[in-house]
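Participant: Got a structure for you, written out below as structure tokens; questions coming shortly.
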Amino acid sequence: MQKSNVATLAEIAIFAGLAMVLDVFTQPLAIGPWISLSFKMTPIFLLAFRRGTRPAMMAGFIWGILQVALGQAAGGWLNLWQGFLEYFVAFSLIGLAGLIKPWLNKSLRKERTLQSLTFMALGALIGSLTRYTIHFIAGLLFWGSYAPKGQSALVYSAIINGSSFLGETLACLIALFLLYPFIKRFLMAN
Ligand code: 218
């Protein structure tokens, strides 16, 4: 195995672990009745920008497994299909942020700050949006009976997952922008 493969595998484990630590030790910050900020996806995005889509999807997948294994998923686990979708599939999809890696790398090399930040935001949006598409669909299929009386499963899922998507994505964008000056070299892995 090549040296860079071993390094990538180590980083997958480390960044999945970091996401899990944030998951256990940070509380979402409520900024209103609907939106609360939570930057737990940031480590997966950082790995996605550094190593690309596949390693980041593996890290997201491991984070999903860790949540289930450590009992962190208990409140959000209804049955096997729903759990598989919302923890293994949804969390893996966060890694799709890595799709912008080639463009981000180019703009980082040319030291174009605004362009680099834009690509990072675009990557985070891709990962978060695909993840939350799964939660939205799972909301429709499995969570409809939790809707308040008179509210359709569609509207309920859109409200719950839409606000959660906004809070998680916004928090990660803020975290990524604040970290940017310190991580430019880290993001240019090769
Ligand atoms: C309407 C509705 N309620 C709850 C869920 C479950 N859900 C939503 C978002 C994120 C996660 C993963 C843990 O953070 C879960 C389990 C849903 N999909 N829809």
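Participant: Can you tell me which of (1) away from the ligand (no atom under 16 Å from the Cβ); (2) surrounded by 22 or more Cβ atoms within 10 Å (Cβ to Cβ); (3) not in a helix (DSSP H, G or I) is the one residue 39 doesn't meet?
Facilitator: Exception for residue 39: condition (1).
Participant: Failed condition for residue 64, given (1) surrounded by 16 or more Cβ atoms within 10 Å (Cβ to Cβ); (2) within 8 Å of the ligand (Cβ to nearest atom); (3) small (Gly, Ala, Ser), with all others met?
Facilitator: Among (1) surrounded by 16 or more Cβ atoms within 10 Å (Cβ to Cβ); (2) within 8 Å of the ligand (Cβ to nearest atom); (3) small (Gly, Ala, Ser), the lone unmet condition for residue 64 is (2).
Participant: List pairs: first residue in the stretch 156-168 and in a helix (DSSP H, G or I) and more than 6 Å from the ligand (Cβ to nearest atom), second residue among the polar types (S, T, N, Q) and modelled with pLDDT of 95 or more anywhere in the structure, Cβ distance under 9 angstrom, at least six positions apart or on different chains.
Facilitator: Matching pairs, first to second residue: 159/151; 165/128; 168/128.
Participant: Which condition does residue 189 not pass, out of (1) touching a Lys or Arg at 6+ places or on another chain (Cβ under 6 Å); (2) at pLDDT 95 or above, if it passes all the others?
Facilitator: (2)
Listed here are the residues, each with its yes/no results for (1) more than 13 Å from the chain's Cα centre (by Cα); (2) surrounded by 15 or more Cβ atoms within 10 Å (Cβ to Cβ).
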residue	(1), (2)
34	yes, no
68	yes, yes
73	yes, yes
90	no, yes
98	no, yes
102	yes, no
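Participant: Let me ask something additional. In the set 116, 107, 152, 157, which member is of a type outside the set (A, V, I, L, M) and either exposed (fewer than 15 other Cβ atoms within 10 Å of the Cβ) or within 24 Å of residue 58 (Cβ to Cβ) (or both)?
Facilitator: 152
The values are calculated or read from the model by the stated rules, or taken from the named source; none is laboratory data. Because the structure is a prediction, the values reported are computed rather than measured. As a convention, Cβ positions derive from the backbone with ideal geometry for all residues, glycine included, and neighbour counts pool all protein chains shown.
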